[in-house]
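The values are calculated or read from the model by the stated rules, or taken from the named source; none is laboratory data. Keep in mind it's a predicted model, so treat the numbers as computed, not measured. As a convention, Cβ positions derive from the backbone with ideal geometry for all residues, glycine included, and neighbour counts pool all protein chains shown.
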Amino acid sequence: MENAEPDALQARGADLRALAVAAIDISASVRRKSLEHTGVAPLPNGVLDILRVIEDHPGTTVAEVASRLGRQFSNVSTQLRELVALGLVTRTRDAADKRYVTLHPTAESLRIKTLLETAWADALATAAAGLLPGEQAQIQASLPALQRLAALLEEPE
């Protein structure tokens, strides 16, 4: 009986590792397959991650984006310049404190977000059509837990 607890922890660890690998594999495949039909120029994953934080948290700062992504301020700032140059993000200086800059997605950014999210859903729908009905139901039933897990992982450390 003494080994039951370590065995359960080891099995749980293996399950979580399998979930992490599946999530990474699904994400990479969905991003790759969805770009084929959108006409959107591909953005590096790191830049896309920054854009998604800004879209999900309009008015955030560079420091907050860096914290959320666990990246260096200087690296985020460099990649942010690319997003500004592409017309996907605007910087707004605070009227009271010019040092304080907030970041906002542009209308073009939000248009692309909708386009990409629709393409991602289409890629998943195409793949999910190959699953058994019970497997499709399992994925549907797990969606609230996966969304909650994503929210917990998004929180800054």
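Restricting the search to region 105-126, which residues are touching a residue at least 24 places away in the same chain (Cβ under 8 Å) and either of a type outside the set (Ser, Thr, Tyr) or not in a helix (DSSP H, G or I) (or both)?
Across region 105-126, the qualifying residues are 105, 110, 112, 113, 115, 116, 119, 120, 122, 123, 124.
Suppose we keep only residues that are surrounded by 13 or more Cβ atoms within 10 Å (Cβ to Cβ) and among the charged types (D, E, K, R) within region 28-45. Which one would you say is nearest to residue 83 (Cα to Cα)?
So in region 28-45, the residues surrounded by 13 or more Cβ atoms within 10 Å (Cβ to Cβ) come out as 29-31, 33-35, 38, 40, 43.
Add one more test, that the residue is among the charged types (D, E, K, R), and what stays is 31, 33.
On the way: 31: 18, 33: 23 Å.
By that ranking, first place goes to 31.
Which number in (1) modelled with pLDDT of 90 or more; (2) loosely packed, with under 10 Cβ neighbours inside 10 Å; (3) small (Gly, Ala, Ser) marks the one condition that residue 151 misses?
(1)
Within the bounds of region 127-146, is there any residue that is in a helix (DSSP H, G or I), within 27 Å of residue 66 (Cα to Cα) and modelled with pLDDT under 90?
no
Which fully enclosed helices (runs of 4 or more DSSP H) of region 1-103 have 1 or more residues being over 21 Å from residue 118 (Cα atoms) and free of Cβ contacts under 8 Å to residues at least 40 places away in the same chain?
Details: elements: 4-35, 45-56, 62-69, 73-85.
Counting at least 1 such residues, we get 4-35, 62-69, 73-85.
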